[in-house]
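J.: Have a look at the structure that comes next, please.
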Amino acid sequence: MTFQEIRRRLEDFWVKKGCLLWHPYGTEVGAGTLNPATFFKVLGPEPWRVVYLEPSKRPTDGRYGDNPLRTYEHFQLQVILKPSPENAQDLYCKSLEVLGIKLVEHDLRFMEDNWSAPTLGAWGIGWEVWLDGLEITQFTYLQQAGGIDLSPVSVELTYGLERIATYIQGVKNLFDLEWTKGITYGDLRRKEEKEFSQYSFKTADIKLLLELFDRYEAEAGRLLKEKLIFPAYDYVLKCSHTFNLLEARGAISVSERLRFIERVRKLAKQCALLYLERRGK
Amino acid sequence: MKKNLDFILEIGTEELSLQDMRHSLKELPLLAEEILTRNNISFKKTLSFATPRRIVLYLKGIADRQADNLIEVSGPPKDIAFDKDGNPTEAAKGFARSQKVKVSQLVVKYVGKKEVVCAVSKKKGKPTSAILRRVLPDLLRSLSFTQPMRWGKTRLSFSRPIRWILALLDEKTIRFRVENLNSSNLTYGHRFLSPGPFRVRNPANYFDTLQKNFVILDREIRASLIRKGLEEICSLKGRKVDEDLIREAGDLVEYPALLCCSIEKQYLKILPERVIESAVKRGKGIPFRDGKGNLLPLFAIVANGSKNKGIKSSYEEVLGAKLADSKFFYQEDLRKPFEKYGEELKKIIFHNQLGTTFDRVKRMEKLAGEIGKDLGLKDIANIERGALLCKNDLATQMVREFPELQGFVGGHYGLLSGENELTSQIIEEHYLPRFPGDSLPTRKEAMAVGIADRLIAICGYLIIGIDLSASSDPYGVRRLANGLIEIVWKKRLKLHLPNLLKKTVSLFPSATESVYRGLVDFFKQRINLLLANDGIPADIRAAILIDLSDPVQIREKAISLKIWKKTSSASASLEAFSRVTNILKQAENWKIKLTAFRKELLKEEAEKKLFSHYQNMIKDLNELWKKEEYQEYLKKLEELKPSIDSFFDNVLVMEKNEVFRNNRLALLSLINQEFSKLADFSELEITNCDTGLSANFSSNIRN
């Protein structure tokens, strides 16, 4: 089964379960959770079901395209079910079956792993899902976003598509994955990986990034005052990615790190509060 | 007819947190017993079971009803309720009516000194099923968890979402509701092998149903199946395997299926065994060592049910990928000499006031050297080298990947970079003990660095204003101090603690006198608490914690005093000692200046005797003191008791002649010096064995 087929089957499965088929966000994010379709939609009481692909960019994970399992950018398939249904685990298991995985023949395990994204003030309780020892999904009951208690609670499923695909295709190196017939993941992405790794670790202009962080932060604050939640949130995301780049570049000390995280978290929280306040207006 | 029944409560959940599951196993039966007792329901036995997906309470021999209750209500006084002839009055009749009893059933009882009329009625116990229906929701809610969560729309919180509740009292389903969950007589089997649901008839049938549907409820049985599997499938008969790993593996599955996997041999040649072991454990595998302690090229996986071949090869591949990563890190790390990683430490800013990690190791270097000298160690250069390099591994990729290998990686890389064996050992061992009961460093040189590391850290936290007395310990400062004291006590290190603290403070230019005082208080508090944990009573702790200069001595004094106080003669001796201390305090209150003792001024027989007794034993006392044999020392002191008693019975200390008076006080003061070496006896409580009364020594003095 090709990489793109795996994605399509999972999307189809969740669309049939009542999920809206959404799209990736237009600015760099480190995880599907940062997409407004999760960050804002899990707030408040309205039900919400969505599935979307999210190319997730994590500068510190860059390995110049040399590591068989780690990359600067990887593809998450994100599912939000709000409120979390009683059969959330069963639905998830069924979704693996559409990929041809017969669970009776495997060792599928829900291994304790609580998830948190400090820059977003978001955290949840849940598991890493292991398929015969391989981590393929993060399964989380979100408890807070933007530092706000969530009610009802959403369940967030984050499939690591590369991991699942290497398992299904039986390859050891994700760059050998067949994206579609005759084209590998490596053909499409290796060069990009190499360049972004070099940029994140060596070339990124620290001075510029520090300056940008300050300006993005200020702009987010200004827009919040104007009650422009979504534009403000875009700048929060830019802050978050800039911080990730600075970290990969080794430009942030241990104690400074906490302060940067706190600055982004504060803005994210304001966005969440404002969203709740103006919800339905 | 009363009957005994069995009861099963199964709380079906999504995969529980391991810690919560283990905690519930203990907490659930305790809570159940408490509730049953409070509701007057008798039972024979409470048992609990758990798997990742269920917590189960099993009550055996539970009564089918509550015990009956006699209820007594007092009414009007006897002389109002009955007339002179003993006939009931309107008051009695009215009271009986209100209590729904016949007048003939009224009894007369004393309430205080007054005779009153009482109505006694028997309240029949309710059926157990009715009580259970009412109390089970509360039982569910009262379980405690490390981090409870919510799910869906429910307001309930629990370790992980509850998906079903089964409650059966013999054949009867106990129906109750918690939020949107209804109890029933349905259970579920293994998630994939036999999901169910299954209707359960009674408790016996419950156990049967689970067994048939691939759920092994009893964790002891799961563990023993794994043990057996290791012997048979991995051919590890008679070999020791880490019992904690077996337990953990068994607690993570409902139906253990053992797979014996292999480790690619190339990695055993390239990577240190500890790295491979860490990688295996990361994947929840069980590694093995042979009789000589060498890592075997295999590991076990305890899968949840299925033994399909593909599972084994997948686990092997996942480990392979981790080891490939580790190999890459290992080779990258070794590309530069280990000492060069010190440069990286300069980039790790720990805190504005405290500087970088490199500043920290520079302080450690100085302090560890000083400690080494205090301990009489010769190889100070090696200690300093070890201290300087011991945090370098924090900058390596290997430690970033496997933080639990810090220390080990440093020692290993050090050795490969040409550091000598002692330095490498210091780097590896200086973290020990990492937790209470962990092994201690083998080399004193490593202890010196370990102590320096902890002191620098604790002092740093104090300087940046971390509240060391706060109830939580997020920075692990107490753990650091406890580790330090454990090393000093167990390895009997002779260190002058206050001097050491002074030296530590002097390494921080910004530290003030208050930091030093804070450190002293903190250590005093830690030692006090650790002694309390060792069962040393409060009065003894107060009597010895005046002088912190030698922590080893403090502990030994405490133990000796504790043993001595339990001997039959102790309280009488303590009283005799008190007379000495007592009168000296009085003299002090009267502002009498003590003069030097002069033997020729002794005139009474009893005082001459006391002095010669003292003089005869002083050599022995000094010797015992030097040998630190405190119990013998106490016994020797006790020998003075008859002489002290006779002195006080026959000699008037506070006589008018100041010369004689002062000389007698001087004699007592000589003797008192020998007591106070050991402890402040005025803090010790005298336990009077005859009457069981206890009196505080210090209150005797005041009298």
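The values are calculated or read from the model by the stated rules, or taken from the named source; none is laboratory data. Since we're looking at a predicted model, the values are computed, not measured. Ideal geometry is used to build each Cβ from the backbone, glycine not excepted, and the neighbour counts take in all protein chains shown. For accessibility, only protein heavy atoms count, side chains too; no ligands or nucleic acids. Shrake-Rupley method; radii C 1.70, N 1.55, O 1.52, S 1.80 Å.
J.: Rounded to the nearest whole Å², what accessible area per residue is found for chain B with the 1.4 Å probe?
T.: Working: 33880 Å² over 703 residues.
So chain B comes to 48 Å² accessible per residue, rounded to a whole number.
J.: In addition: Between residue A:9 and residue A:190, what FRET efficiency follows from the Cβ-Cβ distance if R0 is 30 Å, with the result rounded to 0.05?
T.: Numbers: r = 25 Å, r/R0 = 0.85.
Working from the Cβ atoms, E equals 0.75.
J.: Still on this structure, please answer the following. Let me know the Kirkwood hydrodynamic radius for region B:144-289, please, with Cα pairs as the basis and the value in Å to one decimal.
T.: Details: mean 1/r = 0.0540 Å⁻¹.
Its Kirkwood hydrodynamic radius stands at 18.5 Å.
J.: Treating only the Cβ of Lys, Arg, Asp and Glu as charged (+1, +1, -1, -1), what charge dipole size does chain A show about its Cα centre? Round to the nearest 20 debye.
T.: Numbers: 39 positive and 39 negative charges, 161 e Å.
Dipole of chain A, to the nearest 20 debye: 780 debye.
J.: Which ³J(HN,Hα) values in Hz, rounded to whole numbers, follow from the phi angles of region B:604-621 under the Karplus curve 6.51 cos²θ - 1.76 cosθ + 1.60, where θ = phi - 60° and Gly and Pro get x?
T.: Those phi angles translate into 6, 4, 5, 6, 4, 5, 4, 5, 5, 4, 4, 5, 5, 9, 4, 5, 4, 4 Hz.
J.: On to the next question. Once you have the alpha carbon radius of gyration of region B:220-305, what is it after dividing by 2.2 N^0.38 Å, with N set to its residue count? It would help to have the intermediate numbers written out before the result.
T.: Values: Rg = 12.4 Å, N = 86, 2.2 N^0.38 = 12.0 Å.
That ratio works out to 1.04.
J.: Right, here's the next one. Can you list, largest first and rounded to whole Å, the semi-axes you get for region A:118-263 by taking the square root of 5 times each eigenvalue of its Cα gyration tensor? Don't skip to the end; give the middle numbers.
T.: Details: eigenvalues 202, 118, 43 Å².
So the three semi-axes of region A:118-263 are 32, 24, 15 Å.
J.: May I ask you to list the trypsin sites (Lys or Arg not before Pro) in region B:398-472 that are in a DSSP loop and have at most 14 other Cβ atoms within 10 Å of their Cβ?
T.: Details: sites: B:400, B:434, B:443, B:444, B:454; in loops: B:434, B:443.
Answer in residue order: B:434.
J.: Next question, about the same structure. Leaving out ligands, DNA and RNA, what percent of the accessible area of chain A is carbon and sulfur, probe 1.4 Å? It would help to have the intermediate numbers written out before the result.
T.: Numbers: 6010 of 11900 Å².
The computed percentage sits at 50.
J.: Also, I was wondering about something else. Compute the distance from the alpha-carbon center of region A:103-139 to that of region B:498-534, in whole Å.
T.: 44 Å
J.: Also: What does the accessible area per residue of region A:88-148 come to in Å², with a 1.4 Å probe and no ligands, DNA or RNA counted?
T.: Details: 1680 Å² over 61 residues.
For region A:88-148, the solvent-accessible area averages 28 Å² per residue.
J.: Only protein chains counted, 1.4 angstrom probe. Which residues of region B:148-173 are at least 30 Å² less accessible in the assembly than when their chain is isolated?
T.: Those are B:149, B:150, B:152, B:153, B:160, B:163, which lose 30 Å² or more relative to the chain on its own.
J.: Convex hull over the Cα atoms of region A:44-103, averaged projected area in nm²? Write out the running numbers ahead of the final one.
T.: Details: hull surface 25.3 nm².
Mean shadow area of the hull around the Cα atoms is 6.3 nm².
J.: Another one. How much of the calculated P(r) for chain A lies past 32 Å, in percent of all Cα pairs?
T.: Numbers: 10115 of 39340 pairs.
For chain A, the share of Cα pairs beyond 32 Å comes to 26 percent.
J.: Here's a follow-up. At R0 = 51 Å, how high is the FRET efficiency between residue A:262 and residue A:105 if r is their beta carbon distance? Nearest 0.05 is fine. Please report the intermediate quantities before stating the final value.
T.: Details: r = 47 Å, r/R0 = 0.93.
According to the calculation, E is roughly 0.60.
J.: What lysines does residue B:153 reach when the alpha-carbon gap must be under 17 Å and sequence neighbours fewer than 8 apart in one chain are set aside?
T.: Straight-distance partners of residue B:153: A:41, A:82.
J.: I've got another one for you. Could you tell me the distance between the Cα centroids of region B:291-370 and region A:54-90, to the nearest Å?
T.: Cα centres, region B:291-370 to region A:54-90: 25 Å.
J.: Moving on to the next point. Ratio of Rg to Rh for region B:270-322, alpha carbon only, Kirkwood? Intermediate results must be reported in sequence, preceding the final value.
T.: Working: Rg = 11.6 Å, Rh = 11.8 Å.
We get a ratio of 0.99 for region B:270-322.
J.: Please give the contour-minus-distance gain from residue B:538 to residue B:593: 0.36 nm per residue of separation, less the Cα-Cα distance, rounded to one decimal in nm. Display every interim value, and only then the final one.
T.: Working: separation 55, 0.36 × 55 = 19.80 nm, distance 3.33 nm.
Roughly 16.5 nm would be gained on extension.
J.: Where in region A:179-230 are there GluC sites (Glu not before Pro) that are in a DSSP coil and have at most 15 other Cβ atoms within 10 angstrom of their Cβ? Show your work: numbers first, answer last.
T.: On the way: sites: A:192, A:193, A:195, A:211, A:217, A:219, A:226; in loops: A:226.
In loop regions of region A:179-230 (DSSP not H, G, I, E or B), the sparsely surrounded GluC sites (Glu not before Pro) are A:226.
J.: Consider just the alpha-carbon atoms of region B:363-502 and return their Rg together with their Dmax, both in angstrom.
T.: 14.7, 45
J.: Which value in nm describes the separation of the simple spin-label points at residue B:266 and residue A:230, placed 7 Å from the Cα toward the beta carbon?
T.: Here the answer is 5.2 nm between the modelled labels.
J.: Which pairs, out of B:373/B:491; B:603/B:656; B:340/B:373; B:378/B:490; B:373/B:490, put more than 18 Å between their alpha-carbon atoms?
T.: Table pairs above 18 Å Cα-Cα are B:340/B:373; B:378/B:490; B:373/B:490.
J.: Divide the volume of the convex hull of the Cα atoms of the protein assembly as shown by its number of residues and quote the answer in cubic angstrom per residue. Can you show the working numbers first?
T.: Working: hull volume 274.1 nm³, N = 984.
It is 279 Å³ per residue.
J.: Next up: Within chain B, which is the longest segment that contains none of the GluC sites (Glu not before Pro) sitting in a DSSP loop with at most 12 other Cβ atoms within 10 Å?
T.: The segment B:172-654 is the longest one with no such site.
J.: Work the Kirkwood hydrodynamic radius out for region B:155-227: mean of 1/r over every pair of different alpha-carbon atoms, inverted, in Å.
T.: Averaging 1/r across every pair of different Cα atoms and inverting gives 13.6 Å.
J.: A further question on this structure: Kirkwood hydrodynamic radius, computed over distinct alpha-carbon pairs, for region B:1-149: how many Å, to one decimal? Working shown, then result.
T.: Numbers: mean 1/r = 0.0532 Å⁻¹.
Taking every pair of different Cα atoms in region B:1-149, averaging 1/r and inverting gives 18.8 Å.
J.: According to a simple spin-label model (label point 7 Å from Cα along Cα-to-Cβ), what is the distance in nm between residue B:309 and residue A:87?
T.: The answer from the label model is 3.5 nm.
J.: Something else about it: If I model chain B as equal point scatterers sitting on the Cα atoms and use the Debye formula, what is log10 I(q)/I(0) at q = 0.06, 0.08 Å⁻¹?
T.: Treating every Cα as an identical point scatterer, log10 I(q)/I(0) equals -0.65, -0.97.
J.: How about region A:131-147: which of its residues lose at least 40 Å² of accessible area in the presence of all protein chains relative to their chain isolated, using a 1.4 Å probe?
T.: Residues meeting the cut-off: A:132, A:133, A:141, A:143.
J.: For an R0 of 30 angstrom, estimate the FRET efficiency from the Cβ-Cβ distance between residue B:227 and residue B:37 and round to the nearest 0.05.
T.: Details: r = 37 Å, r/R0 = 1.24.
E between residue B:227 and residue B:37, to the nearest 0.05, is 0.20.
J.: Between chains A and B, what is the buried accessible area summed over both chains (1.4 Å probe, protein heavy atoms, nearest 100 Å²)? Intermediate values should be presented prior to the final figure.
T.: Values: alone 13630 and 35620 Å², together 45780 Å².
For chain A against chain B, roughly 3500 Å² becomes buried.
J.: To continue, here is another question. No solvent, one uniform scatterer per C-alpha: report log10 I(q)/I(0) for region B:608-659 via the Debye equation at q = 0.16, 0.18, 0.21 1/Å, two decimals.
T.: -0.56, -0.65, -0.77
J.: Count charges around residue A:19 for me, please; just the other residues with Cβ under 11 Å from its Cβ, Lys/Arg as +1, Asp/Glu as -1. Please report the intermediate quantities before stating the final value.
T.: Details: positive: A:16, A:17, A:49, A:82; negative: A:11, A:12.
Combined, the nearby Lys, Arg, Asp and Glu give +2.
J.: What spacing in nm lies between the two simple spin-label points modelled at residue B:627 and residue A:116, each 7 Å away from Cα in the Cβ direction?
T.: 5.7 nm
J.: How big is D for region A:190-281, in µm² s⁻¹ as a whole number, if Stokes-Einstein is applied with the Kirkwood radius of its Cα pairs at 10 °C and 1.306 mPa s? Each step should come with its number before you reach the end.
T.: Values: Rh = 14.1 Å.
Once the numbers are plugged in, D ends up at 112 µm²/s.
J.: What value, in deg cm²/dmol to 500, does the helix sum -39500 (n - 2.57) over DSSP H runs of n ≥ 4 give at 222 nm once divided by the residues of the protein assembly as shown? Could you put the intermediate results ahead of the total?
T.: On the way: 36 runs with 468 residues, N = 984.
That calculation yields -15000 deg cm²/dmol at 222 nm.
J.: Can you tell me the length gained on complete extension of the stretch residue B:124 to residue B:466, counting 0.36 nm per residue apart and subtracting the Cα distance? Intermediate values should be presented prior to the final figure.
T.: Details: separation 342, 0.36 × 342 = 123.12 nm, distance 6.02 nm.
The span from residue B:124 to residue B:466 would gain 117.1 nm if fully extended.
J.: Please identify the trypsin sites (Lys or Arg not before Pro) of region B:1-43 that satisfy two criteria: DSSP loop assignment and at most 13 other Cβ atoms within 10 Å. Which are they?
T.: On the way: sites: B:2, B:3, B:22, B:26, B:38; in loops: B:2, B:3.
Here the trypsin sites (Lys or Arg not before Pro) that fit, given the DSSP loop and packing criteria, are B:2, B:3.
J.: Still on this model: When the Debye formula is applied to the Cα atoms of region B:68-127, each taken as the same point scatterer, what base-10 log of I(q)/I(0) results at q = 0.21 Å⁻¹?
T.: -0.75
J.: Further, regarding this structure: Working out 0.36 nm times the residue gap between residue B:380 and residue B:18, then minus their Cα-Cα distance, what length gain in nm do you get to one decimal?
T.: Extra length from residue B:380 to residue B:18 when fully extended: 125.7 nm.
J.: From a point 7 Å beyond the Cα of residue B:603 in the direction of its Cβ, which residues of region B:650-675 have a backbone N at a distance under 19 Å?
T.: Only B:650-668 pass the distance filter.
J.: Here's something else I'd like to know. Of the accessible area of region B:130-214, with the probe set at 1.4 angstrom, what percent is carbon plus sulfur?
T.: Working: 1820 of 3870 Å².
With neighbouring chains kept in place, the figure for region B:130-214 is 47 percent.
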